[in-house]
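The structure appears right after this line, and notes come after that.
Just so you know, all these numbers are worked out from the coordinates, no wet-lab data involved. Note that the structure is a prediction, hence the values are computed from the model and not measured. Here the Cβ positions follow ideal geometry from the backbone for every residue, glycine too, while neighbour counts run over all protein chains shown.
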Amino acid sequence: MTPLVWERPEPSTRSALSPLNRDRIVRAAIALADADGLRAVSLRKVAAALDAGPMRLYRYVDTKEELLDLMVDAVYGEVDLPAAGGDWRAGVRSLAHGIREAALRHEWFADLLGGRPQVGPAALAHLEATLAALRCAPGIGEDPAALMRALQAVNGYVLGAVRHEVVELRTERESGLTDRQWQETAGPYLMRLFEAGRYPTLARVVADGPHDDPAGMFDAGLTVLLAGLAA
């Protein structure tokens, strides 16, 4: 069985007009994805961006899936890890906001979260830091089942909220309508429904609910989740 990319040594550098290594390959792939989404990423396109032949890249990565794994781990590496032994809520909050901010810098990152666990070194360091923080929450301690339930709750919230925000950004960009412009378009229709007495709970939320910025909404939801874990 072929070792995972994390266990294969970097090929030796050869003298060439365009010297390669995995870091250069990954950075070029990330630049393509940041500009045009994951559809722009292929070994051929990355090779062209590096002024190298596609076959040279196969010395460093075997498949596009390996390249995507390396890209994801590189973005995980951008997230600062909290110092050990600090307040557990602050630690979880810092890690969650770090993932959100990374996904806003690299929207494609949200598309690759979830599914099978990421096992790159930066992703594992992020997971270890999250578990270490949650382990300090009341009632969790040395109970592995409670720790995994807490982890699933946090990851589920962060992944859902981040994907929702990224989809909204894409929709706004592709439609050409800002959120305010869309609200102005849909507002009269919704008001007619509300005035007719339909959807009374929704009407109250729209009229009286908080209208936080996206970062504030993300943090408010995280606060509710952490309060639930603490209880």
Open item on the list: 7 Å from Cα along Cα→Cβ at both GLU172 and LEU190: what's the point-to-point distance in nm?
Closed with: 1.5
Task: Residues ARG198 and ALA230, FRET efficiency given R0 of 35 Å [Cβ-Cβ distance, rounded to 0.05] - done: 0.40
Task: Alpha carbon centroid spacing (whole Å) that separates the range 170-209 from the range 81-141 - done: 34
TODO: Mean Kyte-Doolittle of at least 1.0 plus a Cα span of 15 Å or more along the axis: flag which DSSP H helices in the chain meet both, please.
DONE: 121-134, 214-230
Task: Cα Rg, Dmax (largest Cα-Cα span) when computed across the chain, Å - done: 21.9, 75
Open item on the list: Principal axis extents for the range 174-231, Cα atoms only, whole Å, descending order, please.
Closed with: 42, 33, 16
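Could you tell me the relative contact order of the chain? Use alpha-carbon pairs under 8 Å, at least six residues apart, and round to a whole percent. Kindly include the intermediate steps, with their values, before the conclusion.
Numbers: 173 pairs, mean separation 38.4, N = 231.
17 percent.
How do 107-120, 212-225 rank on mean C-beta neighbours within 10 Å, highest first? Before the final figure, lay out each step's value.
On the way: 107-120: 15.9, 212-225: 14.1.
Ranking, from highest mean packing down: 107-120, 212-225.
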TODO: Go through HIS164, GLY141, ALA103 and say which Cα lies farthest out towards the positive end of the charge dipole of the range 92-231; charges sit on Cβ, +1 for Lys and Arg, -1 for Asp and Glu.
DONE: GLY141
Open item on the list: Whole-Hz ³J(HN,Hα) for each residue in the range 37-50, computed from phi via Karplus 6.51 cos²θ - 1.76 cosθ + 1.60 with θ = phi - 60°, x for glycine and proline: what do you get?
Closed with: x, 5, 5, 7, 9, 8, 4, 5, 5, 5, 4, 4, 5, 9
